[in-house]
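Okay, so here's the structure we're looking at.
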Amino acid sequence: FRFKDSLDEELRRADLVISHAGAGSCLETLEKEKPLIVVINEKLMNNHQLELAKRLHRGGHVFCCNCSTLVETLQSMDLSTLKPFPPGQPEKFALFLDKVVGFQ
């Protein structure tokens with residue numbers, strides 16, 4: 001499929017997810033505790049996807065590659081080395097936002 005409103009069902013059934021490094025795609029997959037390979041689009045300008053992918057990879061939460069190294073990554077990855085991604089803490093963000101806008 002080209003577009004779908006939600007990938008919830010597909011993610012729930014997946015054993016492994018291969019995705020671009022968009023923030024929504026990465027976080028939704030990690031929240032469902034699925035192993036994730038992020039494939040970097042090296043042609044993007046101001047590549048925020050690269051920054052996110054590197055950060056998640058450094059934390060041990062994802063495998064990271066580009067199109068030319070995907071097969072090698074699939075062959076060499078060890079899913080047992082991935083660390084769970086910590087759940088979000090919206091209350092901390094709310095406190096931060098309150099400080100920024102001067103409510104505290």
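Conditions tested, residue by residue: (1) at pLDDT below 80; (2) more than 19 Å from LEU7 (Cβ to Cβ); (3) not small (Gly, Ala, Ser).
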position	(1), (2), (3)
LEU30	no, no, yes
ILE37	no, no, yes
ASN46	yes, yes, yes
LYS54	no, yes, yes
ASP78	no, yes, yes
LYS83	no, yes, yes
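Would you say GLU51 is open to solvent by 100 Å² or more (accessible area, probe 1.4 Å) and more than 19 Å from THR29 (Cβ to Cβ)?
Considered against the rule, which asks whether it is open to solvent by 100 Å² or more (accessible area, probe 1.4 Å) and more than 19 Å from THR29 (Cβ to Cβ), GLU51 comes out as no.
Under 6 Å between Cβ atoms, at least 6 apart or on separate chains: pull out the pairs that start in the stretch 54-72 with a residue that is within 15 Å of LEU36 (Cβ to Cβ) and end on any residue that is part of a helix (DSSP H, G or I) and of a type in the set (Ser, Thr, Tyr).
PHE63/THR73; CYS65/THR73
Quick check: is even one residue across the stretch 65-73 surrounded by 14 or more Cβ atoms within 10 Å (Cβ to Cβ) and under 22 Å from GLN89 (Cβ atoms)?
no
Checking the condition charged (D, E, K, R), surrounded by 13 or more Cβ atoms within 10 Å (Cβ to Cβ) and without any contact (Cβ under 8 Å) to a residue 24 or more places away in the chain, which residue from LYS43, LYS34 passes?
LYS34
Out of all the residues in the stretch 79-88, is one or more in contact with a strand residue (DSSP E or B) (Cβ under 6 Å, 6 or more places away or on another chain) and either over 23 Å from GLU10 (Cα atoms) or surrounded by 14 or more Cβ atoms within 10 Å (Cβ to Cβ) (or both)?
no
Can you pull out every residue in the stretch 1-23 that is in a helix (DSSP H, G or I) and surrounded by 10 or more Cβ atoms within 10 Å (Cβ to Cβ)?
ASP8, GLU10, LEU11, ALA23, listed by residue number.
Considering each residue of the stretch 31-50, count those that are within 21 Å of SER76 (Cβ to Cβ) and not in a loop (DSSP other than H, G, I, E, B), and give that number.
Residues that pass the stated criteria total 6.
The values are calculated or read from the model by the stated rules, or taken from the named source; none is laboratory data. Computed from a predicted model, the values in this text were never measured in an experiment. Methodologically, a virtual Cβ is constructed for each residue, glycine included, from the backbone with ideal geometry; neighbour enumeration extends over all protein chains shown. Accessible surface areas use protein heavy atoms only, side chains included; no ligands, DNA or RNA. Shrake-Rupley method; radii C 1.70, N 1.55, O 1.52, S 1.80 Å.
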